[in-house]
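A short worksheet on the structure shown next.
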Amino acid sequence: MKTEDLQPIKNEITFFMEKSFQFSFVYVGAIFAGVASVKLDVIAEWASKLHTTAETLVVMLIILLNLVYLILASSCTFATLKRGYFILVHGDQKAEEPLVLWEKFMRETPGPFSTVGWNVDNYFVPVIYIIIFLLSICAFLYGIFNTSGKTLIVLIVLMVPYGVPVWCLIQTAKLNNVCRTQAKKIISPERGQQASG
């Protein structure tokens with residue numbers, strides 16, 4: 001496929017990357033809104049209407065907010081990677097297409113770098129996921145030890161869907177390995193010239 005044929009895929013990659021960043025800003029905004037609602041006693045008012053404590057309601061909101069963020073962010077990460085894989089598979093296999101060159105470049109480790117060193121620009125993502133997962137687990141444990149009855153059941157029900165982002169992240173890791181394998185199969189222009197010369 002020519003570069004112009006791959007342009008719609010590039011546009012989709014841009015779209016999903018932008019959405020991922022936007023979700024991060026919305027997530028931070030929701031945290032600030034939550035803090036403000038605690039200060040304004042809005043949470044306490046809602047809690048009394050729901051016949052629970054303000055702390056328990058905060059725990060549930062943290063678990064729910066983190067779940068929504070993790071599902072959206074992990075889905076966007078997978079969607080971006082999948083489109084990169086499409087470019088690797090359906091682009092010019094002689095790596096003369098700029099988009100194919102970029103996908104290959106991102107997955108090759110140049111001489112002075114280790115794989116870890118070459119991907120340093122991506123480390124904020126796993127750190128964010130780990131922090132959010134840990135925060136959710138801590139909130140869940142706090143809720144378990146400080147609630148009972150129906151509230152406990154609600155907490156457990158809120159934690160069950162966390163399997164979705166976990167599964168999505170596992171699939172993303174698998175797809176990343178497939179992309180690396182595909183990138184290695186592509187002949188770089190320099191090697192192609194050496195072979196023909």
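Add +1 for every Lys or Arg and -1 for every Asp or Glu among the other residues with Cβ under 11 Å from the Cβ of residue 12, and state the total.
Once all neighbours under 11 Å are counted, the net charge is +3.
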Check: In which sequence would 114, 48, 75, 136 go, from the one with the fewest C-beta neighbours within 10 Å to the one with the most?
Finding: 114, 48, 75, 136
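Given Cβ point charges of +1 (Lys, Arg) and -1 (Asp, Glu) and nothing else, what value in debye, to the nearest 20, does the dipole of the chain about its Cα centre take?
Once rounded to the nearest 20, the dipole reads 420 debye.
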Next item on the list: Rounded to the nearest 10 degrees, what's the angle between the helix 124-146 long axis and the longest principal axis of the chain, both from Cα atoms, 0 to 90?
Entry: 20 degrees
Notebook entry, point to check: Using modelled amide H (1.01 Å from N, peptide plane; none on Pro or chain starts), what sits under 5 Å from the amide H of residue 97, excluding residues fewer than 5 places away?
Noted result: 92
Notebook entry, point to check: Per the helix-only calculation at 222 nm, which mean residue ellipticity applies to the chain, given -39500 (n - 2.57) for every DSSP H run of n ≥ 4 and division by its residues, nearest 500 deg cm²/dmol?
Noted result: -27500 deg cm²/dmol
Margin query: So if a site counts as exposed when it's one of the GluC sites (Glu not before Pro), its DSSP state isn't H, G, I, E or B, and it has at most 16 other Cβ atoms within 10 Å, what's the longest stretch of the chain without one?
Written below: 1-95
Check: Across the Cα atoms of the range 5-60, what radius of gyration and what greatest pairwise Cα-Cα distance (Dmax) are found, in Å?
Finding: 18.4, 58
Check: Normalised by the number of residues in the chain, what is the relative contact order in percent for Cα pairs under 8 Å and 6+ residues apart?
Finding: 33 percent
Margin query: Can you compute 3J(HN,Hα) from phi for each residue in the range 83-90, using the Karplus curve 6.51 cos²θ - 1.76 cosθ + 1.60 with θ = phi - 60°, rounded to whole Hz and x for Gly and Pro?
Written below: 6, x, 5, 4, 4, 5, 7, 9
Check: Calculated FRET efficiency, residue 173 and residue 150, Cβ-Cβ r, R0 35 Å, to nearest 0.05?
Finding: 0.40
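At a Förster distance of 22 Å, what's the computed FRET efficiency of residue 181 paired with residue 115, Cβ-Cβ distance as r, to 0.05? All intermediate terms of the calculation are to be shown ahead of the outcome.
On the way: r = 14 Å, r/R0 = 0.63.
That gives a FRET efficiency of 0.95.
Values in this text are rule-based calculations from the coordinates and carry no lab data. Please read these numbers as outputs of a predicted model, since none were measured by experiment. Heads up, the Cβs are rebuilt from the backbone with ideal geometry, glycines too, and the neighbour counts pull from every protein chain shown.
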